[in-house]
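Worksheet: one structure, shown below.
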Amino acid sequence: MSSAPHLAEDGRQPPRRILYGRRRGKPPRPGRQALLEARLPALRLELDDPVPGSLEPKALFGGRAGSVWLEIGFGAGEHLAWQLERHPDIGIIGAEPYLAGVARLVGGLDQATLPRLRLLLDDGRLLLAALAPASIARLFTLFPDPWPKARHKKRRLVQPETVAAAARVLAPGAEWRLASDDMDYVRWMLACLTASPHFEWLATGAEDWRRRPADWPETRYEAKALSQGRKPIYLRFRRRA
């Protein structure tokens with residue numbers, strides 16, 4: 001029998017999350033499936049009823065990470081892999097429930113980068129609740145599902161409560177990068193983050209949200225959006241001290 005859920009410091013039980021969207025697609029090719037089965041057990045992060053705010057992410061990497069970044073919803077993992085390979089002092093946690101995307105990421109990584117990667121195959125908001133305060137140095141939310149129908153907007157990842165959770169886990173001066181090609185969702189994200197006293201929008205002109213920074217690689221989804229005439233918007237916010 002499982003134990004009762006841990007309570008937050010104020011005595012409240014953490015809210016249960018309903019995960020919208022798909023978890024499985026086409027099965028991975030045999031070679032990629034074999035790599036996934038071989039590598040995933042050492043990379044997988046299991047959140048088995050953690051005490052809210054208790055997870056120290058640096059401890060996951062055994063001293064191999066000077067700081068830790070988090071990407072929620074990494075898709076096929078192009079962005080996460082690019083950042084991991086170019087920042088040898090950084091550990092990255094990726095949250096992605098879509099197994100095919102996890103398989104693509106794990107199968108394409110160099111063996112040397114694996115010790116600095118941990119993966120949660122579940123809703124990233126569960127991880128935000130578990131992480132210790134001010135423990136994440138950078139957060140990425142790139143092209144999340146926009147859920148465009150009005151009745152589905154409650155399913156969007158970026159919500160006021162998500163912004164509050166991100167503010168708790170991001171260290172002072174940490175950056176939150178977001179992107180979308182859906183203008184309604186862009187306006188929604190801007191409304192949520194600019195309403196928070198904890199975040200500062202780093203844009204000083206239109207080019208800052210129209211042009212992707214040099215250290216922000218193109219993803220598969222972004223390339224598809226551009227080929228279909230949709231123009232992505234790139235947002236950068238900083239956690240205030």
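If you add up the charges near Gly77, with Lys and Arg at +1 and Asp and Glu at -1, over every other residue whose beta carbon is less than 10 angstrom from its beta carbon, what do you get?
On the way: positive: Arg104, Arg220; negative: Glu71, Glu78, Glu96.
Cβ neighbours under 10 Å give a net charge of -1.
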### Query
How high is the relative contact order of segment 35-239, in percent, with contacts defined as C-alpha pairs under 8 Å that are six or more residues apart?
21 percent
### Query
With r defined as the distance between the Cβ atoms of Arg240 and Asp48 and R0 fixed at 30 Å, what FRET efficiency is calculated, to the nearest 0.05?
0.35
### Query
Which residue, Ser67, Ser196, Ser135, has the most motion in a Gaussian network model of the chain that connects Cα atoms within less than 10 Å?
Ser196
### Query
Pick from Pro160, Pro146, Pro41: which residue has the top mean-square fluctuation in a GNM of the chain where Cα pairs under 10 Å get a spring?
Pro41
### Pairwise Lys count, the chain - Cα closer than 28 Å, eight or more residues apart or different chains
10
### Query
For the residue pair Thr113 and Ser196, what label-to-label distance in nm results when each label sits 7 Å from Cα along the Cα-to-beta-carbon direction?
2.7 nm
### Task
Would you please state which residues of segment 62-106 a label at Gln33 would reach in this model, taking the label point 7 Å out along Cα→Cβ and a backbone N cut-off of under 14 Å?
100, 103-104
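Nearest 20 debye, what's the magnitude of the dipole of the chain about its Cα centre given +1 on Lys and Arg Cβ and -1 on Asp and Glu Cβ?
Values: 39 positive and 27 negative charges, 156 e Å.
Roughly 740 debye for the chain.
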### Query
What is the distance, in nm, between label points placed 7 Å from the Cα along the Cα-to-Cβ direction at Arg210 and at Ala171?
3.5 nm
### Query
Say we join alpha carbon atoms closer than 10 Å with springs in a Gaussian network model of the chain; which of Arg118, Arg151, Arg39 then has the biggest fluctuation?
Arg151
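Where a number appears in this text, it was derived from the coordinates with a stated rule and is not lab data. Everything numeric here is computed off the predicted structure, so don't read it as measured data. Cβ: placed from backbone, ideal geometry, glycine included. Neighbour counts: every protein chain shown.
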